[in-house]
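The values are calculated or read from the model by the stated rules, or taken from the named source; none is laboratory data. Quantities reported herein were computed from a predicted structural model and do not represent experimental measurements. We place every Cβ from the backbone using ideal geometry, glycine too, and count neighbours over all the protein chains shown.
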């Protein structure tokens, strides 16, 4: 992955190792500053920043579009001679609960100097951790749920799931699943958006559809979702999700 940005007299090349990442992964690479001018150029305050950007504000180059997370800069006093280049290697560790890339916000790499919104910008594709992906895979494969969207929400990852087109979950309109880690424990909240048919109070008036929500919360310690070898425990997690869904599954098929 590569980005190029010009801030006279500098040509800045951002070289990034990889194309996509998961929460908790390290993002690393190098910033190459080439002097296109006729005089020595200072690299004071030139560097790379890992930041969370609001997509609409980033596109408008609005002040405050970025929330800084971590940074790396050339050493104070570094100077690049005309026609020469200097290289800065950098590495940022992402948090296991960091924001993922969605339609509203995303992690970015911002490089150059000055206000962040006026520097070079490279959007990162950050996906949920592999454990969360494995849990979602059980919903999708074993129970035929369909993933509709994914976003970051107040320190959680929120995934909207639609039930399969069958009578098995006739009362379920949508399942919102929220995930986050505390140490190695996976915390999960499941919000079930339900519909219930009720006869109207007036005779012959028909049936009303009443909508309601039910919530379930779980904590999965590491020994619950991993076997001793470190691999994901599909069998145990599938049994847990089957138990979770059972009260919402139609018994009359």
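Starting from residues that are under 16 Å from the mean Cα position of the chain (by Cα) and in a loop (DSSP other than H, G, I, E, B), keep the ones in region 108-142 and report whichever is surrounded by the fewest Cβ atoms within 10 Å (Cβ to Cβ).
From region 108-142, those under 16 Å from the mean Cα position of the chain (by Cα) are 108-109, 122-136; that's our starting set.
Filter once more, so that each one left must be in a loop (DSSP other than H, G, I, E, B): 124-125, 128-129.
Values: 124: 22, 125: 14, 128: 18, 129: 20.
Residue satisfying both the conditions and the ranking: 125.
Among residues belonging to region 1-29 that are closer than 18 Å to residue 80 by Cα and surrounded by 15 or more Cβ atoms within 10 Å (Cβ to Cβ), point out the one that is farthest from the chain's Cα centre (by Cα).
Quick first cut of region 1-29, residues closer than 18 Å to residue 80 by Cα only: 4-14.
Restricting the remaining residues to those that are surrounded by 15 or more Cβ atoms within 10 Å (Cβ to Cβ) gives 5, 7, 9-14.
Numbers: 5: 26, 7: 31, 9: 36, 10: 33, 11: 31, 12: 27, 13: 26, 14: 22 Å.
Checked region 1-29; the qualifying residue farthest from the chain's Cα centre (by Cα) is 9.
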- Query: Across region 73-91, which residue is surrounded by the most Cβ atoms within 10 Å (Cβ to Cβ) among those that are free of Cβ contacts under 8 Å to residues at least 40 places away in the same chain and either touching a helix residue (DSSP H, G or I) at 6+ places or on another chain (Cβ under 9 Å) or more than 10 Å from residue 33 (Cβ to Cβ) (or both)?
  - Reply: 73
- Would you be able to tell me the number of residues in region 58-75 that are closer than 15 Å to residue 101 by Cα and assigned to a helix (DSSP H, G or I)? 1
- Query: How many of the residues in region 56-94 are within 20 Å of residue 107 (Cα to Cα) and touching a strand residue (DSSP E or B) at 6+ places or on another chain (Cβ under 6 Å)?
  - Reply: 14
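For the subset of region 139-148 comprising residues that are without any contact (Cβ under 8 Å) to a residue 40 or more places away in the chain and either in contact with a strand residue (DSSP E or B) (Cβ under 9 Å, 6 or more places away or on another chain) or not assigned by TED's automatic domain parsing to the domain that holds residue 192 (or both), which member is farthest from residue 239 (Cα to Cα)? Spell out the reasoning first.
Of all residues in region 139-148, those without any contact (Cβ under 8 Å) to a residue 40 or more places away in the chain come to 140-141, 144-148.
Still in the list and also either in contact with a strand residue (DSSP E or B) (Cβ under 9 Å, 6 or more places away or on another chain) or not assigned by TED's automatic domain parsing to the domain that holds residue 192 (or both): 140, 145-148.
Values: 140: 14, 145: 16, 146: 19, 147: 20, 148: 23 Å.
The extreme case among them is 148.
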